[in-house]
Every structure is written in C-alpha cells, then in structure tokens.
1. Please work out which one of (1) under 24 Å from Pro310 (Cα atoms); (2) not in a strand (DSSP E or B) is the condition Val265 fails and give its number.
2. Among the residues of segment 135-157, is any in the same structural domain as Ser34 (by TED's automatic domain parsing), within 16 Å of the ligand (Cβ to nearest atom), farther than 20 Å from Leu105 by Cβ and acidic (Asp, Glu)?
3. Condition check: at pLDDT 95 or above, more than 23 Å from Lys281 (Cα to Cα) and crowded, with 21+ Cβ neighbours inside 10 Å. Does Ala149 satisfy that?
4. Can we say Arg227 is more than 30 Å from Ala149 (Cα to Cα) and touching a residue at least 40 places away in the same chain (Cβ under 8 Å)?
5. When only residues in segment 57-82 that are within 18 Å of Ser34 (Cβ to Cβ) and among the aliphatic types (A, V, I, L, M) count, which is farthest from the chain's Cα centre (by Cα)?
6. Given segment 152-254, what helices (runs of 4 or more DSSP H) lie entirely inside it while holding 3 or more residues that are closer than 19 Å to His61 by Cα?
7. Can you confirm whether segment 35-45 contains a residue that is more than 16 Å from the ligand (Cβ to nearest atom), assigned to a loop (DSSP other than H, G, I, E, B) and in the same structural domain as Ile151 (by TED's automatic domain parsing)?
Amino acid sequence: MTPQAFRQAAELLRASQRSLIFTHLRPDGDALGSSFGLQETLRKMGLEAEVFLPGPLPNRHAKLFSGQLTAVAPEELANFNTFIALDCANPPRLGKPECLSMEELRKKRFINIDHHRANSLESGFFDLVSPDSASCCEVLTRIFLESGAEITPRAATCFLAGMMTDTGCFRFANTGGGTLREAAELLDRGAELEKIVNALFFSKPLNQVRFENELMNSCLRLSAGGRIASAFIPRSLLDKYDFDLREDEGLIDLLREIDGVVFAVLFHRGPDGVKVSLRSKDHAFPVGPLARSFGGGGHDMAAGATLDLPDAEAEAVILEKLTALLP
Ligand SMILES: [Mn+2]
C-alpha cells in the first residue's frame, strides 16, 4: 500500500457529503471502533455521517460506543450519497440495511476499507485493502494521519479500541512498528487507554467467568500431543450460564495460552452449521488456508468457517486436517 492510496482514500472521504457507514455482522471492537471513529472524524470535517448496525451494540462495547441507526427504510437511502463498508471481508458478512442489495450498492458511491487479505467486496468505486495493517482502525488512522485530518479524543479512543481488539492488546504477531507508532499518535490526541482496557480487557460478567471455568474443566480436549487445544461448546452450557457467544471475543485465548499449543479451536453449533474458530500460534502453520478451504475466511493466524456437518463429524474433520498440518 503506497502512501498515495491512503491519501486518495482521504480525499474521497472528505468529498463524501452524507455517508452511511456499516461493518461486518456480529461486530467486534475493530468493526465498531472503525465505524464510530470514522463517523466522528467525518462529522468533525462538517460532513454528515451515520453508522448503521443491524442490531443493538454488544454489552461490552456499549460503554465505549453509542449512537447508531438500527433500521433504514428504502426511501431513506436517498439521504446518503456515499456508502462505506469497514472491516468486512466479503458480501455475506456485510451488515448492511436489508433494503440495499449488493448489486445496488455496487452502483453507488461505495467505499470499501479493510485489512483482510482476501477481501472480496469489490465496491466498483474504491477499495482500500491493506493486509499489512493489523486492524481496520489502523488503516483509518493512517488515512487521517497521512492527510492531516483532525482526530478528536473521541475518534482516537475509537480507533485505539479497534487496534487493541485486533492485536489482543498488542500481543498478537500482527502488531507492527506502524501499529505502535499510530497508537502513540492516538494517545497524544487524547485516546482514553484506561477506559478501553477496563471496558474490553479487564471486565467480564460473573456468568462469563463461571461459564469459562466449566468450559475449560469439562470440554477442553488436547490432541496431536498437546499441540491442538479444542473445545466444542455445548448449547446446554451456554443456557446454564445464560452466556451469549456474541459477548466474547477472547474465549479462544483460554485455549491458545496453554503451553505447547500450536492450534486453538472452538466449535459451536450455529443456525447454519458448526461454527469453527481457529487460531495459530506459529507462523509456519497458518490457519487461514484451512478456513478458506471450508468456505470461511480470516487471517493467517486467526480464521473461521462454518461447516454444514453433524457436530462430531465437523470436529473430527477439522482436528484431522490440523493434525495433518503439523510435522
Ligand atoms: Mn478487523
């Protein structure tokens, strides 16, 4: 990605009079940080910008972000002249208003900004996909730093929250020198680090702590000589602790942090099949290709897919494929 691409993005954003911003379904800290940080920055430029989310904000994010639309009627679409997708890798994952089809969207002034290598939104107007960036918030921060736009303390907090989400508080291997330099710039602009850390990392409801303990005690499975840690999350356990998987981004880290583990895998049954989350701790063994071979997506070290198979079969095939990757 050349500095010019970032400056071009800045120019296009600056020329967006009335933007509707959206992101991927089940939005995480990066998706929300990008959306609300961009909204704030565009508004500071005197432009109109709204964030659309198909549902309410997840609880853990409600303390950091607020103020989105959850419905847009077809006739209201005409109020916007620019549509911006953030942090979303492919059309099925896009949390856009239902009344707006992908075909219609591609006919509009549609800007796609992301950091997923395999981004396939193909806006037809402008795509900025920067796979070297650890988060979409990093891409946006770079855009606004390159172009000298004002980043308010509120926008800085949003962008830093996204960076910290996708780098696991700067612990994951995707943390680059550029990530930390940008984070420093955001802190200098008033980003509230403590607020982010408390909301996203030092904060768990009691039912979640109890759920995680039982999951680790009852469902943890080690295979390939302890190099694969996996767990199939039973519906009954979610019900027992009234735990909503959408509330947790860090669950898989409980498996990843076990000594000797190369692959961490979480399974649970969703509406379309068995959802698989994959993490690798070793760059020699990326999980992105495996996820994509099942129609999923993600990054080298963090990816996911949905398998239309019975529970036990989905678990067996994934564990078998992962085992085959290891020497
Ligand atoms: Mn992201």
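The values are calculated or read from the model by the stated rules, or taken from the named source; none is laboratory data. Everything numeric in this text was worked out from a predicted model, so none of it was measured. Glycine gets a Cβ as well: all are built from the backbone with ideal geometry, and neighbour counts include every protein chain shown.
1. Against the list (1) under 24 Å from Pro310 (Cα atoms); (2) not in a strand (DSSP E or B), Val265 comes up short only on (2).
2. Checking segment 135-157: at least one residue is in the same structural domain as Ser34 (by TED's automatic domain parsing), within 16 Å of the ligand (Cβ to nearest atom), farther than 20 Å from Leu105 by Cβ and acidic (Asp, Glu).
3. Working: at pLDDT 95 or above: yes; more than 23 Å from Lys281 (Cα to Cα): yes; crowded, with 21+ Cβ neighbours inside 10 Å: no.
So Ala149 does not fit the description; no.
4. On the way: more than 30 Å from Ala149 (Cα to Cα): yes; touching a residue at least 40 places away in the same chain (Cβ under 8 Å): yes.
Taking the combined requirement at face value, the residue satisfies it.
5. Leu69
6. Numbers: elements: 153-166, 177-188, 193-196, 206-218, 235-240.
Helices (runs of 4 or more DSSP H) meeting the threshold: 153-166, 193-196, 206-218.
7. First pass over segment 35-45, keeping only residues more than 16 Å from the ligand (Cβ to nearest atom): 39-45.
From what's left, assigned to a loop (DSSP other than H, G, I, E, B): 45.
Still in the list and also in the same structural domain as Ile151 (by TED's automatic domain parsing): 45.
Looking for residues that are more than 16 Å from the ligand (Cβ to nearest atom), assigned to a loop (DSSP other than H, G, I, E, B) and in the same structural domain as Ile151 (by TED's automatic domain parsing), one finds at least one in segment 35-45, hence yes.
Every residue, every condition in (1) in contact with a helix residue (DSSP H, G or I) (Cβ under 9 Å, 6 or more places away or on another chain); (2) polar (S, T, N, Q), yes or no:
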residue: Val209; (1), (2): no, no
residue: Asn213; (1), (2): no, yes
residue: Asn217; (1), (2): no, yes
residue: Ser223; (1), (2): yes, yes
residue: Ala229; (1), (2): yes, no
residue: Arg235; (1), (2): no, no
residue: Leu238; (1), (2): yes, no
residue: Glu257; (1), (2): no, no
